1. Return the residue satisfying two criteria in turn: it lies in the stretch 52-69 and is part of a loop (DSSP other than H, G, I, E, B) and out of contact with any Leu (no Cβ under 9 Å at 6 or more places or on another chain), and of such residues it is nearest to Arg38 (Cα to Cα).
2. Out of everything in the stretch 98-122 that is out of contact with any Asp or Glu (no Cβ under 8 Å at 6 or more places or on another chain) and of a type in the set (A, V, I, L, M, F, W, C), what residue ends up being surrounded by the fewest Cβ atoms within 10 Å (Cβ to Cβ)?
3. Please go through the stretch 35-45 and pick out each residue that is surrounded by 20 or more Cβ atoms within 10 Å (Cβ to Cβ) and either in contact with a Cys (Cβ under 8 Å, 6 or more places away or on another chain) or over 21 Å from Ser121 (Cβ atoms) (or both).
4. Filter the stretch 56-76 down to residues that are open to solvent by 60 Å² or more (accessible area, probe 1.4 Å), of a type in the set (Val, Ile, Thr) and without any contact (Cβ under 8 Å) to a residue 40 or more places away in the chain and give me whichever is farthest from Gln114 (Cα to Cα).
5. When both residues are 6+ apart or on different chains and their Cβ atoms are under 8 Å apart, which pairs have a first residue that lies in the stretch 85-96 and is under 9 Å from Thr119 (Cα atoms), and a second that is buried (at least 18 other Cβ atoms within 10 Å of the Cβ) and polar (S, T, N, Q)?
Amino acid sequence: QVQPVESGGGLVQAGGSLRLSCLTSGRTFGRDAVSWFRQAPGKEREFVAGTRWSVSITSYVDSVKGRFTISRDNAKNTVYLQMNSLKPEDTAVYYCAVGQVVDRTPNRYDYWGQGTQVTVSS
């Protein structure tokens, strides 16, 4: 299985929390990076957070800093996105992407999941 698989989306009230999971194939063929993107209706796909399997680094878009946390479980080949203090503007389809490096440009990634819907009500 090469394509990542997301889970954990849903409907939550503003101020609530959700945890997304991304099951991957792990660090294979030099693909060391796993990132989360999101896409709201009528908007471009946006980088949210990224991490790497081999080194302890994380990167976040400014709008989620202090609210979202990306983490990984190397033994389970799974990357998580813990989302706290959710806002209506966080509503989007969230995608997991696998690539060689963490990059905010979507076309730098080789594999994408199908996406999971996150809806935050006001």
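The values are calculated or read from the model by the stated rules, or taken from the named source; none is laboratory data. Nothing here was measured: the structure is a model prediction, and the numbers come from that model. Glycine gets a Cβ as well: all are built from the backbone with ideal geometry, and neighbour counts include every protein chain shown. In case anyone asks, the SASA skips ligands and DNA or RNA and just uses the protein heavy atoms, side chains included. Shrake-Rupley method; radii C 1.70, N 1.55, O 1.52, S 1.80 Å.
1. First, the residues of the stretch 52-69 that are part of a loop (DSSP other than H, G, I, E, B): 53-57, 61, 65-67.
Retained after the next criterion (residues that are out of contact with any Leu (no Cβ under 9 Å at 6 or more places or on another chain)): 53-57, 61, 65-66.
Working: Trp53: 21, Ser54: 24, Val55: 24, Ser56: 23, Ile57: 20, Val61: 11, Lys65: 15, Gly66: 18 Å.
In this case the residue turns out to be Val61.
2. As a first pass, look at the stretch 98-122 and keep what is out of contact with any Asp or Glu (no Cβ under 8 Å at 6 or more places or on another chain): 102-108, 110-112, 117, 119, 121-122.
Then drop every residue that is not of a type in the set (A, V, I, L, M, F, W, C), which leaves 102, 112.
Working: Val102: 21, Trp112: 17.
The selected residue is Trp112.
3. If we filter the stretch 35-45 for residues that are surrounded by 20 or more Cβ atoms within 10 Å (Cβ to Cβ), which is where we start, we get 35-38.
If the condition is that a residue be surrounded by 20 or more Cβ atoms within 10 Å (Cβ to Cβ) and either in contact with a Cys (Cβ under 8 Å, 6 or more places away or on another chain) or over 21 Å from Ser121 (Cβ atoms) (or both), then Ser35, Trp36, Phe37 are the ones that fit.
4. Thr58
5. Val93/Thr116
Yes/no per residue for (1) in contact with an Asp or Glu (Cβ under 9 Å, 6 or more places away or on another chain); (2) surrounded by fewer than 17 Cβ atoms within 10 Å (Cβ to Cβ); (3) free of Cβ contacts under 8 Å to residues at least 12 places away in the same chain:
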site	(1), (2), (3)
Val5	no, yes, no
Gly8	no, yes, no
Ser17	no, yes, no
Leu20	yes, no, no
Thr24	no, no, no
Ala33	yes, no, no
Phe47	yes, no, no
Thr51	no, no, no
Ser54	yes, yes, no
